[in-house]
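Below is one structure, written out as structure tokens; comments come after it.
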Amino acid sequence: AADGQPVRLFRSRDGGVTWTSTPLSPTQSETLAAFTALKNNNLLLATNLDQGSIRLYLSSNKGSTWQLTTTLEPDPYTYIGEGFQSLTSLKNSRILFPICRFDDDPYGNGVHGGVFMSLDGGNTFPTVYPASDFWMEAHILELQSGKLLMAIRYQRYRNPGETDGEILALGGNIS
């Protein structure tokens with residue numbers, strides 16, 4: 001957390017009537033980015049280091065201890081992760097992590113979204129599948145049918161000289 005105080009993990013043993021909490025130790029000096037429970041009951045936590053890299057931690061003991069499993073770098077871009085992020089654990093045990101990587105472009109044209117995928121329980125995320133440009137803050141749901149649904153915050157800025165028609169043709173908003 002920004003103030004040096006870790007984010008806390010809250011637990012309820014009575015369906016949400018009462019809650020107890022413990023510190024999420026990886027967030028002592030890093031910002032919480034995303035969190036999920038895996039099919040095997042392990043917990044997976046992503047932290048963001050000032051948009052310079054994303055660290056993923058795994059807990060196999062309900063959050064008592066955490067082990068760094070992998071670090072995602074922005075390469076070939078400058079930054080990784082912006083705003084809200086999410087991890088989705090699928091029925092087939094794959095884990096999806098939609099995240100944006102971006103450059104220093106004042107018009108937002110350097111924002112590139114992709115979905116990182118883990119096939120090994122969150123230990124590595126070796127593959128990134130490009131999804132779309134100009135988006136961030138994505139969340140993926142797995143429907144009962146097994147199909148996936150992704151909601152995103154689409155954010156494309158107007159370039160100098162662009163007309164309203166050009167913005168609309170690219171899927172942008174005029175405001």
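The values are calculated or read from the model by the stated rules, or taken from the named source; none is laboratory data. What you see is a predicted model, and the numbers here were worked out from it, not measured in a lab. With ideal geometry, Cβ positions are generated from the backbone for all residues, glycine too; neighbour counts draw on all protein chains shown. These area figures cover heavy atoms from the full protein model, side chains too; ligands, DNA and RNA do not enter into them. Shrake-Rupley method; radii C 1.70, N 1.55, O 1.52, S 1.80 Å.
General remarks:
- Filtered residues of region 91-102 (kept if part of a loop (DSSP other than H, G, I, E, B) and either basic (K, R) or open to solvent by less than 10 Å² (accessible area, probe 1.4 Å) (or both)): K91, R94
- Region 72-83, residues that are loosely packed, with under 13 Cβ neighbours inside 10 Å and either over 11 Å from A138 (Cβ atoms) or out of contact with any Lys or Arg (no Cβ under 8 Å at 6 or more places or on another chain) (or both): E73, D75, P76
- G114 modelled with pLDDT of 75 or more, part of a strand (DSSP E or B) and open to solvent by less than 40 Å² (accessible area, probe 1.4 Å): yes
- Among (1) open to solvent by less than 20 Å² (accessible area, probe 1.4 Å); (2) assigned to a loop (DSSP other than H, G, I, E, B) - the single one A46 does not satisfy: (2)
- Restricting region 74-90 to residues that are at pLDDT 90 or above and outside any strand (DSSP E or B), the residue that is farthest from F116 (Cα to Cα): L90
- Pick from region 117-132, criterion touching a residue at least 24 places away in the same chain (Cβ under 8 Å) and in a strand (DSSP E or B), ranking: nearest to P76 (Cα to Cα): A131
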